[in-house]
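Data first, discussion second: the structure below is written as structure tokens.
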Ligand code: CAA
């Protein structure tokens, strides 16, 4: 059995591609999901990857879920904080609930996912922390004050964790996908989405597998000196 990898939001979208890619690399993967039992079952039937249901926004549920994964599969050595949601609205119409839901899931959820696995990584002197941020954390986005704040916050998390973990053999890096062909992007109004695609020099959306391959590399031993970095994959839509 290979190293154990935890992927939050690992049964759909970019997370699904990451779970599959890590399994193909020989990792023992645990994929979490928040609500869609039917999709999770279909995912396990198709891939043989074990799924766990908890809400990343809930610290106690995350800690208990992670303890269960470790009891079932062994110590988590790779953690991919991928779970995320959107509640898009122009700022003047954004409700405090829309703000809070996104902060709780996309930012506090990243804390909740990494914090319970961090002590074990420090003890074992090895860990790979990979956070899925977004192009919109780098450039901001009309209608995404909440989401952009969380995705920019992810970059602060990995830059800080990188410094804290480096001596303990732990790396922490972020991936910033651009617009990728997932349900989340397909949920954008078609006219708006077409305009967005026009603004991508590559002339197309990215594929989830194009993000998953970056994660596989960051998880590998070869990436040991890459720490605190942000890797963008956005078809030349935006440069930092
Ligand atoms: N820049 C400037 N003005 C803009 C604008 C933009 N990017 N987008 C819209 N506007 C303007 C519109 O032209 C319109 O102006 P008028 O009233 O003068 O015509 C006004 O703002 C209102 O726009 P909408 O009609 O679109 O407003 P809405 O309330 O119906 O919808 C919205 C608002 C939900 C935010 C919608 O604009 C939208 O979905 N935008 C896309 C947001 C986006 O990119 N989300 C990414 C989701 S995927 C993801 O998050 C994954 C990832 O990491 C990349």
Taking the stated definitions as given, is residue 35 farther than 23 Å from residue 207 by Cα, out of contact with any helix residue (DSSP H, G or I) (no Cβ under 8 Å at 6 or more places or on another chain) and surrounded by fewer than 17 Cβ atoms within 10 Å (Cβ to Cβ)?
-> yes
Have a look at 178, 235, 228, 153 and point out the one that is in contact with a helix residue (DSSP H, G or I) (Cβ under 6 Å, 6 or more places away or on another chain) and at positive phi.
-> 228
Determine whether residue 191 is outside any loop (DSSP other than H, G, I, E, B) and within 10 Å of the ligand (Cβ to nearest atom).
-> yes
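Throughout, read-outs are computed from the coordinates displayed, never taken from laboratory work. Just so we're clear, the structure is a prediction, and the values are computed from it rather than from any experiment. Cβ coordinates were reconstructed from backbone atoms using ideal geometry, including for glycine residues, and neighbour counts include every protein chain displayed.
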